[in-house]
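Step one of this worksheet: look at the structure below.
The values are calculated or read from the model by the stated rules, or taken from the named source; none is laboratory data. Only a predicted model underlies this, so the values are computations on that prediction, with no experimental measurement involved. Don't worry about glycine lacking a Cβ; one is built from the backbone with ideal geometry, like all the others, and counts go over all protein chains shown. Each accessible area value is taken on the protein alone, full model and side chains, heavy atoms only, with ligands, DNA and RNA left out. Shrake-Rupley method; radii C 1.70, N 1.55, O 1.52, S 1.80 Å.
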Amino acid sequence: GVDVLTMTATPIPRTLYLGLGGLKDISIISTAPEGRVPIKTVVMRKDDAVVREAIVREVARGGQVYFVHNRVETIQAAVAQLRKLLPDVLIHFAHGQMKDSELAHIMNEFANGVFQVLVSSTIIESGLDNARVNTLIVDRATHFGLAQLHQLRGRIGRSARQAYAYFLYNQEDIKGDAGRRLKSIVAKGALGAGYELSLEDLDIRGSGNILGSQQHGSMQMVGVGYYMRLLEEAVERLKSGETTPL
């Protein structure tokens with residue numbers, strides 16, 4: 001009897017709020033696939049020695065690494081720095097501004113194990129399933145939203161092998177809600193924690209407009225509590241068949 005089914009690892013604030021407010025039915029699947037283990041998550045200031053150690057450890061056990069650098073104009077400089085740190089490791093890069101054929105060639109080579117480290121923009125954040133990739137390093141993690149960090153972390157740990165996620169930051173970038181997002185991504189690292197992370201994201205960003213295009217934002221005009229009560233009353237009236245305004 002369902003006409004529309006929305007499936008997501010981390011619902012955006014507005015979508016989650018529609019479920020919490022009763023406008024959409026919500027169901028949670030929190031059981032992880034058999035054999036999965038929680039990803040070990042580290043948040044720390046950027047340190048070349050730690051980056052090198054993490055990559056060497058993964059390569060030594062026959063694995064591969066995602067290194068997320070989300071600035072196309074400096075991605076080649078990031079690759080050069082990594083190659084200087086790790087001269088014996090094969091490293092290539094990919095981003096969404098490449099020609100389709102070139103991007104497909106690089107991604108296919110990485111999937112086939114031709115090289116060990118892929119430096120990329122956020123093009124990897126959804127849809128990739130490579131069981132050999134079990135170390136993720138995100139450069140300047142403060143520039144990402146909480147749900148996006150969780151999606152990126154979900155690209156690794158897709159087998160029974162222990163996976164490691166490193167979220168790196170520069171001290172000058174810790175401002176506003178950035179620190180809170182990084183604390184949350186560490187605290188909510190258990191398998192099936194996407195729903196809890198989404199609740200935190202809703203609390204940080206606000207719920208957005210139910211009927212408009214804005215997907216996040218605070219309800220400053222009337223306050224959250226009063227808005228929630230109004231919404232609940234409106235939903236109950238609609239469900240009971242009442243059509244008169246509040």
Qualifying residue in region 161-169 (condition: at negative phi, surrounded by 18 or more Cβ atoms within 10 Å (Cβ to Cβ) and modelled with pLDDT under 75): no
Pairs, first within 23 Å of residue 61 (Cβ to Cβ) in region 101-128, second charged (D, E, K, R) and open to solvent by 40 Å² or more (accessible area, probe 1.4 Å), C-beta under 7 Å, six or more apart: 113/132; 115/109
Number of the condition not met by residue 97 [criteria: (1) surrounded by 12 or more Cβ atoms within 10 Å (Cβ to Cβ); (2) within 20 Å of residue 144 (Cα to Cα)]: (1)
Contacts under 7 angstrom Cβ, first residue in region 190-216 being more than 15 Å from residue 150 (Cα to Cα) and crowded, with 20+ Cβ neighbours inside 10 Å, partner of a type outside the set (Ser, Thr, Tyr) and at pLDDT 60 or above, 6 or more apart: 205/13; 207/13; 207/14; 208/13; 208/14
Residues of region 1-58 that turn out to be closer than 30 Å to residue 169 by Cα and modelled with pLDDT of 85 or more, as a count: 23
Qualifying residue in region 68-77 (condition: free of Cβ contacts under 8 Å to residues at least 60 places away in the same chain and open to solvent by less than 20 Å² (accessible area, probe 1.4 Å)): yes
Residue list for region 139-160, restricted to those being of a type outside the set (Lys, Arg) and either open to solvent by 40 Å² or more (accessible area, probe 1.4 Å) or touching a Ser or Thr at 6+ places or on another chain (Cβ under 9 Å) (or both): 143, 144, 146, 147, 148, 149, 150, 151, 152, 154, 156, 160
